[in-house]
Amino acid sequence: MIVHQAEAVVLRTWAIHEADMIVSLFTRDQGKIKGVAKSASKSRRRFGGALEPMTHVLANYAEKPRQELVRLDSFEIVSSPLSEAMDYTRAAALGFYAEVLEEILPDRDPHDAVFRLLLAVLEQTQTRNIWMPVTYFALWMTRLMGWMPDVLHCTADGESFAGRPAYWHGHTDGLLCVEHKRLGSATLSPESLALALRVFRQPITAFSQEEWPRGRAADLRRFALQGLEWHLERRLTTAVALAKLGG
């Protein structure tokens, strides 16, 4: 049996038996893993409030060769989403991060860049402002997975958008100019294209003092969400919730 202590973020939990839980964790060292937390709902000493999704923890666990589920022994909280006020809007953003990572990441595949991205957006996701970190996360996840098309040039002819709007369609990859857009395409404004370039060049803290109402870059956010859903081949439940909030 191999014993580990790993930095991790809780993604999701499932109750089993009377007090046990299965926990999905995104660890920095081993990627996404699942484990059994025995008597988790009864043991405040071992787990306390550390099983809340999007809690950043130091996870102590043990694994046996050829066993899919690890044995989760205890968690130490590094930071908790419950340390700040929680409302439906913030809960929807945190749920979005969890669902995207749960659906996209393969098991046991470390991805340090994604882990660092997650910690950065969690720090910025506050009740008064979810739209900036949600947009930043959606864009960067699409890029880190290799799904982000060129935002400078038309996919069809390679011509630069150069201050012109770009167009995208929910059933195709890439961005197109006005001459090659498909019927029913959505628009990405020149301002949103310029903002996307900033997102890919600057840390999230560079945007933390900017005003970011829900209408800002809404077209860019929808484009990134569509890219995630297109490659997942399914609708994200939390994306529907964000859309109902006007995002």
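The values are calculated or read from the model by the stated rules, or taken from the named source; none is laboratory data. Bear in mind that the values here come from a model prediction, so they are computed numbers and not experimental data. Every residue, glycine as well, gets a Cβ built from its backbone with ideal geometry; the counts of neighbours run over all protein chains shown.
Things to note:
- Going through (1) in a strand (DSSP E or B); (2) among the polar types (S, T, N, Q); (3) within 20 Å of T237 (Cα to Cα) one by one, T89 falls short only on (1).
- Any hit, segment 217-235, residues being in a strand (DSSP E or B), over 15 Å from the mean Cα position of the chain (by Cα), surrounded by fewer than 19 Cβ atoms within 10 Å (Cβ to Cβ) and not acidic (D, E): no
- Residues that are hydroxyl-bearing (S, T, Y), under 17 Å from V121 (Cβ atoms) and at pLDDT 95 or above are absent from segment 59-74.
- Each residue in segment 1-48 was checked for being outside any strand (DSSP E or B) and in contact (Cβ under 8 Å) with a residue 40 or more places away in the chain, and 4 of them qualify.
- Selection from segment 49-71 of residues that are of a type in the set (S, T, N, Q), assigned to a loop (DSSP other than H, G, I, E, B) and touching a residue at least 40 places away in the same chain (Cβ under 8 Å): T55
A quick yes/no check of all residues on (1) within 24 Å of L119 (Cα to Cα); (2) crowded, with 20+ Cβ neighbours inside 10 Å:
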{"position": "A15", "(1), (2)": "no, no"}
{"position": "M54", "(1), (2)": "yes, yes"}
{"position": "R71", "(1), (2)": "no, no"}
{"position": "E84", "(1), (2)": "yes, no"}
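- Among residues of segment 214-233 that are under 14 Å from A194 (Cα atoms), those with a beta-carbon under 6 Å from a residue that is part of a helix (DSSP H, G or I) and β-branched (V, I, T) at least six positions away or on a different chain give the pairs A217/T135; R221/T135.
- Among the candidates L197, L176, L183, residue that is touching a residue at least 40 places away in the same chain (Cβ under 8 Å) and of a type outside the set (F, W, Y): L197
- Among residues that are part of a loop (DSSP other than H, G, I, E, B), within 20 Å of the chain's Cα centre (by Cα) and modelled with pLDDT of 95 or more, G158 is not included.
- Candidates A138, A194, filtered to the one that is small (G, A, S), at pLDDT 95 or above and surrounded by 18 or more Cβ atoms within 10 Å (Cβ to Cβ): A138
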